[in-house]
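Okay, so here's the structure we're looking at.
The values are calculated or read from the model by the stated rules, or taken from the named source; none is laboratory data. The structure presented is a predicted model; accordingly, all values stated were derived computationally and were not measured. Virtual Cβ from ideal backbone geometry, glycine too; neighbours counted across all protein chains shown. With ligands, DNA and RNA removed, areas are computed over all heavy atoms of the protein, side chains included. Shrake-Rupley method; radii C 1.70, N 1.55, O 1.52, S 1.80 Å.
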Amino acid sequence: MAREEAKVSDVEQKEMAAHRIEQLRQLLEEHAKRYYEEDNPTVTDDVWDGWMRELIQLESEYPEFLSPASPSQRVGGLPSSGFAKVQHRIPMLSLANAYSHEEMRDFHRRVSEVVGDGVRYVCELKIDGLAISLRYENGQLVQGATRGDGETGEDITSNIRTIRNVPLVLAQPLTIEVRGEAYMPKSAFLRLNEAREQHGEALFANPRNAAAGSLRQLNPEVAARRGLGILVYQVAYVEGRPLESHSQALDLAKELGLPAHGVRANGLTLEGVLEFIEQWQEERHGLPYATDGMVVKVDSLAMQQALGFTAKSPRWAIAYKYAAEVAETTLEEIVLNIGRTGVVTPTAVFQPVSLAGTTVSRASLHNEDIVRERDIRVGDRIVVQKAGDIIPEVVRSLPEYRTGNEQVFAMPEGCPECGQRLHRMPEESAWRCINPNCPAVLRESVIHFASRDAMDIEGLGESWVAALIQSGRVHSIPDIYRLSKESLLQLERMGEKSADNLLAAIERSKSAGLERLLFGIGIRHVGEKAARVLAQSFGTMERLQSASYEDLVALKDVGPKMAESILDYLHDEAMQRMVGQLTELGVAMEAKQRIDPPEDGPFLGKTVVLTGQLESFDRTRAAEIVTMLGGKVTGSVSTKTDIVIAGENAGQKLEKAQELVRSGKKSDLQILDEAAFCAWIEPYLK
Ligand code: IVH
């Protein structure tokens, strides 16, 4: 009897397994598509990895259900249309994952069984980006490709060429194929999302998706502006250079000028590996890029060959995944922030918790719908994490802890700053304060106007702007140009020197040029790029003001929505008044001198360092000119520097450059004074 019962339950279990396998396959397929093809994941990597592990486990318990179509049998997603397909000559495989020291010991045991105890490992931090392949023929970059499904990827050479640390020509004329990770640095990711938020565009969930989205841009110009980087982690193939170990291969890559892996340790035993993993668990958060694990590889290539591959991944490597950092805390308050477009954003304020290297106590909840969907109530225990190692977010509430005293959030009827009724536009999830005189909207507009990418008024940050508005000194943007030293000195904590500096920065900003002004005055949908295009196409504010809808949409980067927004803005009476006042106050309404990127020229492809003071330009403008002429401006002088522009009082950098020339370490380094610099750029200024 008992035996029969057991049999029935076996059958039941098998049925349950079949059902779950099917369910997991569907989930994985669906989410892989969102992840790889639409760059729009809705579950975290941990959840996805968990499903994959469960599926692999069930399939190994019930091999009768194994199918070649199962997502466990392939790597990554499918190439999307729009790029030519690339057949990888050597497949781009994925790595098996480990989540504990235990699993690392199992890996070591499996390796040692094949190659013996003498095995040594290389550890490299696992960057959270996307895998790419670079092919060089006789030292020339001929192809850059994505991984795709591992067999077939996409030809993204034109985008790859825009990545600044990808050498287009190697230091030696070798034919070589390397693999690496393309990533978006944390700072670039934050900047990109900030800009997207300002323009009402969807935000990227993490730097990985932002990098993938950027490399999928059909327009390489867009990719170029995204500030991507790569790190090379493998030499897949090289002609005429016999290699014995992986570390030797990466050293060769470095020698050729490729950005080989930054955080790496060679010659480790298993214990050394485990130590290195622990050492970087916290330290990695201080790196400029997001990381999610440590890749551990057998160093000897002969041993790698002996170990071979499974269908999906090499047996000689494994990725130790750091647990995604999540923390529980208590939600104390939901406060409302008002942006310069009047959008009211709920922000969670919680008891401070330590998360991925910093202490956090606030996270944007984006909009009312998200608060409702995640059922987040004031007083709740909540789970927080950092998306892509950077942006704190509230993942969910923990209703099981509720006492009944928690409060459901509701958007107030009136603006928390000025009290006027909030509006929700059809098809938008945002509520807005549409009062043009709302002090919060004014504050944010002035902060934006003064910001580095707009009018660049150094010293006019959030707290001074708030003080100037609160004290009644600034009621509008033009009021900035009406400030006097006397009135500034009456502000608390404003000293003589700060007042002088601030007034000088305000004065300088008058000649920032039309492009910065158009970005600074905050026309909806007009970002930095569009502002530049408008300024350069029309030259003056006056000409832009008389532009028609047709004139605007005729421009390459201006669509109908932006054109309408520009016309609305320019014909709005209040805005016309503001522009009139700014003109009277001496703010320049003309575009800066324009430079077309030349096909050739003295700065093209050159690494340039600016040092000392220039008379005719400030350093930012000089750097802008060099960049527009195809040069790359860096901060320090080394053998990689091609040109040093030295103004008055140039110090150590100039000395170092002279030393490099004198010693012959870099005898072709060119040192220009201001007059020579002006002569070089003169032909390109119109
Ligand atoms: S080695 C055949 N090394 O992680 C070995 N991969 O799931 C191929 N990754 O597709 C991978 N850092 O995109 C390797 N130092 C590193 C890595 C690394 C990041 C990515 C890579 C790969 C995925 C593995």
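For the peptides 281-287, 454-460, what is the packing order when you average, over each peptide's residues, the other Cβ atoms within 10 Å and list the highest mean first? Could the numbers behind the result be given before it?
Details: 281-287: 15.0, 454-460: 19.9.
Going by the mean number of other Cβ atoms within 10 Å, highest first, we get 454-460, 281-287.
In this Cβ point-charge picture (+1 for Lys and Arg, -1 for Asp and Glu), the chain has a dipole of about 1220 debye about its Cα centre. Checking the a/c ratio against 1.5 first, then a/b against b/c, what shape does the Cα gyration tensor give for region 79-202? Note, shape of region 79-202 comes out oblate. Oblate is the label for region 435-500, because the ratio a/c of its alpha-carbon gyration tensor axes (a ≥ b ≥ c) is 1.5 or higher and a/b is not greater than b/c.
Let me know the shape class of the chain, please: from the alpha-carbon gyration tensor, a ≥ b ≥ c as square roots of the eigenvalues, rounded when a/c is under 1.5, otherwise prolate if a/b is greater than b/c, or oblate. It is oblate, given that a/c is not under 1.5 and a/b is not larger than b/c. The residue list Ser364, Gly342, Phe603 was ranked by how far each Cα lies along the charge dipole of the chain toward its positive end, using unit charges on Cβ atoms, and Phe603 comes out on top.
Working from label points 7 Å from Cα in the Cα-to-Cβ sense, the Glu151 to Ala675 distance is 6.8 nm. Of the peptides 186-192, 393-399, the order by per-residue mean of other Cβ atoms within 10 Å, starting with the highest, comes out as 186-192, 393-399.
Spin-label model, Leu585 to Asn219: label points 7 Å out along the Cα-to-beta-carbon direction sit 3.3 nm apart. Straight-line reach from Lys386: which lysines have Cα under 24 Å away, leaving out those fewer than 8 places along the same chain? Result set, ordered by chain and number: Lys33, Lys126, Lys186, Lys321. Between region 579-633 and region 497-559, the C-alpha centres lie 15 angstrom from each other. Here's how it looks for Ile457: its modeled amide H is under 5 Å from those of Ser451, which are all 5 or more places away or on a different chain. Here the accessible area is traced with a 1.4 Å probe on the protein chains. For the chain, carbon and sulfur cover 48 percent of it. Counting only cysteine Cβ atoms and a cutoff under 4.7 Å, the chain contains unmatched residues Cys123, Cys678. Mind checking which aspartates and glutamates have their Cα closer than 15 Å to the Cα of Lys606? Skip sequence neighbours fewer than 8 apart in that chain. Partners within reach: Glu624, Asp642, Asp668.
Any idea of the accessible area per residue across the chain, 1.4 Å probe, to the nearest Å²? All intermediate terms of the calculation are to be shown ahead of the outcome.
Working: 34130 Å² over 686 residues.
Heavy-atom SASA per residue in the chain reads 50 Å².
Karplus-derived 3J(HN,Hα) values for region 255-264, using 6.51 cos²θ - 1.76 cosθ + 1.60 with θ = phi - 60°, are 4, 7, x, 7, x, 7, 4, x, 9, 8 Hz; glycine and proline are entered as x.
Using the beta-carbon distance between Ser67 and Ser471 and R0 = 56 Å, what value does 1/(1 + (r/R0)^6) give for FRET efficiency, to the nearest 0.05? Each step should come with its number before you reach the end.
Details: r = 72 Å, r/R0 = 1.28.
So, using R0 = 56 Å, E works out to roughly 0.20.
Among the aspartates and glutamates, which fall within straight-line cross-link reach of Lys510, defined as a Cα-Cα distance under 12 Å, with same-chain neighbours fewer than 8 residues apart omitted? Straight-distance partners of Lys510: Asp456, Glu584, Glu590.
Each label point was placed 7 Å from the Cα along the Cα-to-Cβ direction; for Arg381 and Gln26 their separation is 3.3 nm.
First measure r as the distance between the Cβ atoms of Arg161 and Arg372, then evaluate 1/(1 + (r/R0)^6) with R0 = 41 Å and state the FRET efficiency to the nearest 0.05. Could the numbers behind the result be given before it?
Numbers: r = 46 Å, r/R0 = 1.11.
Once the sixth-power term is evaluated, E becomes 0.35.
The distance from the alpha carbon centre of region 422-473 to that of region 296-330 is 48 Å, rounded to a whole number.
Rank-order 118-124, 512-518 by packing density, defined as the average count of other C-beta atoms within 10 Å over each peptide's residues, highest first. Before the final figure, lay out each step's value.
Values: 118-124: 21.3, 512-518: 22.9.
For the peptides 118-124, 512-518, the packing ranking is 512-518, 118-124.
In the frame of its principal axes, region 517-606 has Cα extents of 47, 32, 19 Å, reported largest first. With R₀ fixed at 35 Å, the C-beta to C-beta distance from Lys510 to Val335 puts the FRET efficiency at about 0.45.
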